[in-house]
Amino acid sequence: MAYKNPEDQRRNTNSWYQRNREQHMAATARNKERYRQMWIAYKSTKECVHCGAAHPAIIDFHHVLRKNVKKVHKLAANGAYKQAVKEAEDKCIALCSNCHRILHWNEVLARQDERRLQKEAETD
Ligand SMILES: [Zn+2]
């Protein structure tokens, strides 16, 4: 029910929470666990596109589309399961954590090489 007075609305919401605190916390915990299980099930369908390793504990999502990047693991950890799956499906590839680290390591080295070559070209 909407209240005309926002103070009445706030008071009613607080009152409801105080009366239903235990139930609310139990439902929140159940939902969090349900989404965690769904996330594990989703990651279990993935394998590393580089080496083929497949285990939910080691699957990362690497952004190949860098527009409006949202951290997939943070979405999943916050219970935003559908958003996490959408972000992963729309913008990412699945990599195992080792291949993911190696890919970023190589990106850093490539950028360093590029900067060094640019400096050398400028001094010539
Ligand atoms: Zn891999």
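The values are calculated or read from the model by the stated rules, or taken from the named source; none is laboratory data. Fair warning: this is a prediction, and the values are worked out from it, not measured in the lab. All Cβ positions, glycine included, derive from the backbone under ideal geometry; neighbour counts span all protein chains shown.
Out of curiosity, is Glu33 more than 13 Å from Ile93 (Cβ to Cβ) and of a type in the set (D, E, K, R)?
It is true that Glu33 is more than 13 Å from Ile93 (Cβ to Cβ) and of a type in the set (D, E, K, R).
Looking only at helices (runs of 4 or more DSSP H) that fall completely inside the stretch 12-124, which ones have 3 or more residues that are of a type outside the set (Lys, Arg), within 16 Å of the ligand (Cβ to nearest atom) and in contact with a strand residue (DSSP E or B) (Cβ under 9 Å, 6 or more places away or on another chain)? Talk me through it step by step, then tell me what you get.
On the way: elements: 72-77, 81-91, 97-123.
Correct list: 97-123.
When you go through Tyr42, Tyr17, Tyr35, Tyr81 one by one, which is the residue that is aromatic (Phe, Trp, Tyr) and closer than 30 Å to Tyr3 by Cβ? Give the steps one after another, and end with the answer.
On the way: Tyr42 fails: closer than 30 Å to Tyr3 by Cβ; Tyr35 fails: closer than 30 Å to Tyr3 by Cβ; Tyr81 fails: closer than 30 Å to Tyr3 by Cβ.
Testing whether each residue is aromatic (Phe, Trp, Tyr) and closer than 30 Å to Tyr3 by Cβ leaves just Tyr17.
Thr28 passes all but one of (1) modelled with pLDDT under 95; (2) surrounded by 14 or more Cβ atoms within 10 Å (Cβ to Cβ); (3) over 17 Å from the mean Cα position of the chain (by Cα); which number fails?
(2)
Does Tyr42 qualify as being modelled with pLDDT under 95, aromatic (Phe, Trp, Tyr) and crowded, with 16+ Cβ neighbours inside 10 Å?
no
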